[in-house]
Amino acid sequence: MGKTCTELFEGMDCTIIGNADDVVEGIAYRSDQVKPGDAFFCIVGFTSDGHTYAQDAIDHGAKVLVVQRKVYLADATDVTEVVVSDTRKAMAEVSANFYDHPSRNLQLVGVTGTNGKTTTTYLVEHIARVAGKRTGVIGTVGTVIGDVHEKSAHTTPESPDLQHLLARMRDARCDVVAMEVSSHALDLERTFGSQFAVTAFSNLTQDHLDYHHTFEAYFEAKARLFGKDYPARRVICIDDKWGKELLRRCSEAGDNVITTGFDRSAQIHPKDVAYYPTHTSVTLNVRGSYCEFDHPLVGKFNVENIMCAFAIGLQLGFPVQTVIDALREAPQIPGRLERIHTPHDGGVSVFVDYAHTPDALEKALGSIMALTPGRTICVFGCGGDRDASKRPIMGRAALAADHAVVTSDNPRTEDPGAIIDDILAGMTEGAGRYDVQPDRRAAIAHAISLAKPGDSILVAGKGHEDYQLVGDKVLSFDDRVVAREELERAFGEGAAE
Ligand SMILES: CC(=O)N[C@H]1[C@@H](OP(=O)(O)OP(=O)(O)OC[C@H]2O[C@@H](n3ccc(=O)[nH]c3=O)[C@H](O)[C@@H]2O)O[C@H](CO)[C@@H](O)[C@@H]1O[C@H](C)C(=O)N[C@@H](C)C(=O)N[C@H](CCC(=O)O)C(=O)O
Ligand SMILES: Nc1ncnc2c1ncn2[C@@H]1O[C@H](COP(=O)(O)OP(=O)(O)OP(=O)(O)O)[C@@H](O)[C@H]1O
Ligand SMILES: N[C@H](CCC[C@H](N)C(=O)O)C(=O)O
Ligand SMILES: [Mg+2]
């Protein structure tokens with residue numbers, strides 16, 4: 001299925017030095033993963049410069065090098081070099097060409113925002129299925145093609161991996177693909193060259209300031225999904241100022257937009273909501289008509305996600321009744337406010353949730369506390385090698401619980417004790433209302449030992465993850481499994497009185 005350089009770079013601003021009729025068999029951006037006949041894209045990264053791996057790529061069989069500056073290759077005269085101004089952007093465009101633009105044969109939905117992307121994409125997949133479509137999902141929990149689930153390294157894959165996935169989805173005859181689009185992906189051009197049917201925005205709150213440095217830069221990265229590179233029908237939640245700013249820009253550009261939110265000026269907003277431990281009853285005002293239904297997701301923020309998915313369903317052209325029927329039976333999203341069921345729980349409700357930002361932690365806690373007759377205990381930590389400035393803010397947010405147990409998340413290459421110290425800097429007003437236990441299993445067990453019937457425990461931060469990243473090790477660890485084991489140990493048949 002190879003293509004020549006001429007075909008792959010058609011219409012692009014580039015200089016081809018060498019044989020433009022060379023056939024490229026594949027696309028690579030890591031030198032050690034190059035296969036014979038591949039084009040290797042030299043990317044100037046944050047830690048190293050891909051141009052310095054050109055020789056390694058050739059040693060692995062690269063036939064074409066795509067570069068931002070010409071690499072001098074004394075002993076490799078049969079290698080073609082293509083000079084472009086931005087190798088990441090060129091890689092995205094060439095990848096889409098290589099796989100014959102699979103997104104043009106699908107209805108691709110892109111969801112961006114700090115929180116709610118995974119939840120919304122799963123809801124959109126479910127709505128599309130109920131509407132009789134074949135579906136795909138790309139995001140944090142992994143990739144789903146029809147009924148086949150695969151793990152993935154990134155929320156939004158690198159462009160050659162993304163286009164390959166979309167091609168597999170096209171070949172599997174998927175009609176609708178719901179994809180999470182991270183701010184990193186937009187900034188690093190992973191989605192460039194993809195054609196979206198709908199792009200949606202959930203919210204913008206603090207995260208990833210290690211990468212973007214300022215809220216404005218973080219917003220501008222997200223806003224790209226609503227700019228000239230990505231024409232599409234739009235869905236915008238206007239509950240925060242960033243959503244309102246995005247709406248202003250899209251309206252100015254004459255886009256087809258559906259707005260959602262608790263804000264009463266949104267085209268889809270709630271008239272009434274009643275929250276229960278097992279479900280939520282909503283009456284939505286959908287552009288002037290009332291739609292009343294129960295859905296199984298709990299918590300206020302999930303009403304926002306439900307409205308966003310509702311609007312995406314309408315933008316995809318599904319009938320209102322189909323969307324409602326689907327949302328009534330919405331699936332449990334893995335590790336999102338997931339209630340742990342065990343034969344013996346001592347009357348204690350344990351929820352595992354992926355809240356790993358200040359806003360998510362505040363909202364997840366608030367949602368659980370509103371449904372809990374007793375006390376709420378929060379077990380949480382923060383990831384290493386990620387935005388450190390959110391740590392004390394998450395510490396402060398956790399003090400909304402009756403008690404907190406501060407533990408480790410994925411420390412990665414950082415010292416777990418130092419991450420915990422950063423968190424504790426935000427908890428100075430909570431003396432006596434929190435404990436520290438760096439071992440995550442022991443922290444969960446400790447929270448269970450503190451709980452009485454009617455109490456809830458929120459285990460936050462890792463959700464669906466079935467691993468813990470400690471140093472360069474990937475340890476097996478799943479909050480849901482550990483919580484179940486520790487509940488059984490505490491309340492099961494052999495438990496000490
Ligand atoms: C911050 C970030 O996103 N970094 C990405 C970036 O890494 P980098 O610039 O540091 O790459 P580098 O190590 O300097 O290498 C430069 C080039 O040389 C190549 N190289 C390097 C070594 C070698 O031996 N041979 C070789 O060819 C690399 O493949 C690369 O093409 O480019 C790499 C390859 O293109 C990505 O894998 C890497 O993602 C890293 C691993 C990452 O952890 N990203 C996270 C933060 C991320 O993207 N997260 C978002 C989700 C966020 C959210 O919403 O919560 C996501 O979409 O997953
Ligand atoms: N609309 C929302 N507003 C605020 N918080 C939310 C919202 N939806 C979900 N959350 C909280 O954020 C956590 C992550 O939700 P979800 O996985 O859907 O978001 P995401 O945007 O995909 O996150 P990530 O950036 O890590 O991929 C949830 O576990 C919940 O605590
Ligand atoms: N997509 C998020 C995941 C964070 C999950 C949390 N468990 C952590 O490791 O920090 C990120 O890359 O920031
Ligand atoms: Mg996600």
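The values are calculated or read from the model by the stated rules, or taken from the named source; none is laboratory data. This one's a predicted model, so the numbers in the text were calculated from it and none came from an experiment. Neighbour counts run over all protein chains shown; Cβ positions are idealised from the backbone, glycine included.
At a glance:
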item: Close pairs from segment 1-22: first more than 18 Å from residue 71 (Cβ to Cβ) and acidic (Asp, Glu), partner in a strand (DSSP E or B) and at pLDDT 95 or above, Cβ under 7 Å, at least 6 apart; result: 21/4
item: Pick from segment 430-473, criterion of a type in the set (S, T, N, Q) and not in a loop (DSSP other than H, G, I, E, B), ranking: nearest to ligand 4 (Cβ to nearest atom); result: 468
item: From 72, 99, residue being surrounded by fewer than 24 Cβ atoms within 10 Å (Cβ to Cβ) and in contact (Cβ under 8 Å) with a residue 40 or more places away in the chain; result: 99
item: Residue within segment 88-106 that is outside any loop (DSSP other than H, G, I, E, B) and within 16 Å of ligand 3 (Cβ to nearest atom) present; result: no
item: Among residues of segment 386-416, those that are touching a Ser or Thr at 6+ places or on another chain (Cβ under 6 Å) and away from ligand 2 (no atom under 14 Å from the Cβ), counted; result: 2
item: Members of segment 122-160 that are free of Cβ contacts under 8 Å to residues at least 12 places away in the same chain, of a type in the set (A, V, I, L, M, F, W, C) and either within 12 Å of ligand 1 (Cβ to nearest atom) or touching a strand residue (DSSP E or B) at 6+ places or on another chain (Cβ under 6 Å) (or both); result: 153
item: Single residue of 112, 119, 87 found to be free of Cβ contacts under 8 Å to residues at least 60 places away in the same chain and among the β-branched types (Val, Ile, Thr); result: 87
item: Tabulated pairs, segment 24-39, first outside the structural domain of residue 80 (by the TED database), second at pLDDT below 95 and of a type outside the set (A, V, I, L, M), C-beta under 7 angstrom, 6+ apart or interchain; result: none
item: From 433, 484, residue being closer than 24 Å to residue 371 by Cβ and in contact (Cβ under 8 Å) with a residue 60 or more places away in the chain; result: 484
item: For residue 284: the one exception among (1) near ligand 2 (Cβ under 10 Å from one of its atoms); (2) under 21 Å from residue 202 (Cα atoms); (3) surrounded by 20 or more Cβ atoms within 10 Å (Cβ to Cβ); result: (1)
item: Filtered residues of segment 198-230 (kept if of a type outside the set (A, V, I, L, M, F, W, C), more than 16 Å from ligand 3 (Cβ to nearest atom) and touching a strand residue (DSSP E or B) at 6+ places or on another chain (Cβ under 7 Å)); result: 199, 230
item: Positions within segment 12-32 being assigned to a loop (DSSP other than H, G, I, E, B) and either at pLDDT 95 or above or of a type in the set (Ser, Thr, Tyr) (or both), in sequence order; result: 12, 13, 14, 25, 29, 30
item: Matching residues, segment 299-328, being modelled with pLDDT of 95 or more, of a type outside the set (S, T, N, Q) and farther than 19 Å from residue 238 by Cβ; result: 316, 317, 318, 319, 320, 323, 324, 325, 326, 327, 328
item: Test: residue in segment 199-206 that is more than 15 Å from ligand 1 (Cβ to nearest atom), buried (at least 21 other Cβ atoms within 10 Å of the Cβ) and more than 26 Å from residue 392 (Cβ to Cβ); result: yes
item: Residues of segment 168-188 satisfying the condition of being surrounded by fewer than 21 Cβ atoms within 10 Å (Cβ to Cβ) and out of contact with any His (no Cβ under 8 Å at 6 or more places or on another chain); result: 168, 170, 171, 172, 173, 175
item: Pick from segment 381-424, criterion in a strand (DSSP E or B) and over 25 Å from residue 213 (Cβ atoms), ranking: nearest to ligand 3 (Cβ to nearest atom); result: 406
item: Matching option when the condition is buried (at least 23 other Cβ atoms within 10 Å of the Cβ) and either more than 9 Å from ligand 2 (Cβ to nearest atom) or more than 28 Å from residue 143 (Cβ to Cβ) (or both), among 314, 361, 371, 327; result: 327
item: Residues of segment 170-188 that turn out to be closer than 30 Å to residue 44 by Cα and over 16 Å from the mean Cα position of the chain (by Cα), as a count; result: 0
item: Residue in segment 132-145 that is more than 16 Å from ligand 4 (Cβ to nearest atom), under 30 Å from residue 44 (Cβ atoms), polar (S, T, N, Q) and in a loop (DSSP other than H, G, I, E, B) present; result: no
item: The one condition in (1) within 16 Å of ligand 1 (Cβ to nearest atom); (2) surrounded by fewer than 24 Cβ atoms within 10 Å (Cβ to Cβ); (3) more than 17 Å from residue 469 (Cβ to Cβ) that residue 390 fails to fulfil; result: (2)
item: Only one of 156, 143 that is within 16 Å of ligand 3 (Cβ to nearest atom) and more than 20 Å from residue 229 (Cα to Cα); result: 143
item: Failed item in (1) small (Gly, Ala, Ser); (2) over 29 Å from the mean Cα position of the chain (by Cα); (3) surrounded by fewer than 13 Cβ atoms within 10 Å (Cβ to Cβ), with residue 476 passing the rest; result: (2)
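Here's the yes/no breakdown for (1) more than 7 Å from ligand 1 (Cβ to nearest atom); (2) at pLDDT below 95; (3) under 18 Å from residue 79 (Cβ atoms):
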residue: 2; (1), (2), (3): yes, yes, yes
residue: 7; (1), (2), (3): yes, no, no
residue: 34; (1), (2), (3): yes, no, yes
residue: 38; (1), (2), (3): yes, no, yes
